[in-house]
Amino acid sequence: MSHTDVEYVIVDSGNPDLRRLIAMLDEELLERYPQERIYGVDFDHPDTRKIIFVIARHNGEALGCGGIRPLTLDSNEQPAAELKRFFVDRGTRKMGIAAGMLKYLEDQARGRCFKEMRLETGEKQPEAIAFYMKHGYRPIDRFGVYADNPECLCFGKSLD
């Protein structure tokens, strides 16, 4: 499989493949963190409809997912989006799927006039940190719900 054979498709929050992939992500996170440390998605919350979710598919099979959520910021800050629930199935990692999906989501954010992408991850995910750093993300101050949690590591990237 080549990452060029992968298509990235916008789906709604009720998509069964999306739900399955996010459940897989949560299971993987539970191997590293306690439940209360996982910032999941509440699919019943009305704001979830504001998240733009994407699935990476190869030959019809859903292999990865991610989303961008508009951030509510101070009036003096540029419009930003948060990268959410970014995940690629363990069996298909290191094939360029994540890089393609990240670019697709960044392009979606740019197309919606967001000037910055932000994200939160944790120190027990060194491979995720390395991936984001490789793709131009740099450490930033904790923001939003992560602001008071010293275990959260936040990163950002200008989309200009």
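Tabulated data for the structure shown
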read-out	value
Complete set of residues in the range 21-39 that are open to solvent by less than 40 Å² (accessible area, probe 1.4 Å) and in contact (Cβ under 8 Å) with a residue 40 or more places away in the chain	Leu21, Ile22, Leu25, Glu28, Tyr33, Arg37
Selection from the range 1-20 of residues that are open to solvent by 30 Å² or more (accessible area, probe 1.4 Å), assigned to a helix (DSSP H, G or I), in contact with a strand residue (DSSP E or B) (Cβ under 8 Å, 6 or more places away or on another chain) and at pLDDT 95 or above	Asp17, Arg20
Count of the range 92-101 residues which are open to solvent by 10 Å² or more (accessible area, probe 1.4 Å) and in contact (Cβ under 8 Å) with a residue 12 or more places away in the chain	6
Qualifying residues in the range 73-85 (those that are open to solvent by 30 Å² or more (accessible area, probe 1.4 Å) and either in contact (Cβ under 8 Å) with a residue 40 or more places away in the chain or among the acidic types (Asp, Glu) (or both)) - the one farthest from Val9 (Cα to Cα)	Asp74
Residue match in the range 102-123 (condition: in contact with a helix residue (DSSP H, G or I) (Cβ under 8 Å, 6 or more places away or on another chain), more than 25 Å from Tyr33 (Cβ to Cβ) and open to solvent by 10 Å² or more (accessible area, probe 1.4 Å))	no
Identity of the residue in the range 124-160, open to solvent by 80 Å² or more (accessible area, probe 1.4 Å) and touching a Gly at 6+ places or on another chain (Cβ under 7 Å), that ends up nearest to Gln78 (Cα to Cα)	Arg138
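The values are calculated or read from the model by the stated rules, or taken from the named source; none is laboratory data. Everything numeric in this text was worked out from a predicted model, so none of it was measured. Every residue, glycine as well, gets a Cβ built from its backbone with ideal geometry; the counts of neighbours run over all protein chains shown. When the accessible area is computed, the model is the full protein with side chains, heavy atoms only, and any ligands, DNA or RNA have been set aside. Shrake-Rupley method; radii C 1.70, N 1.55, O 1.52, S 1.80 Å.
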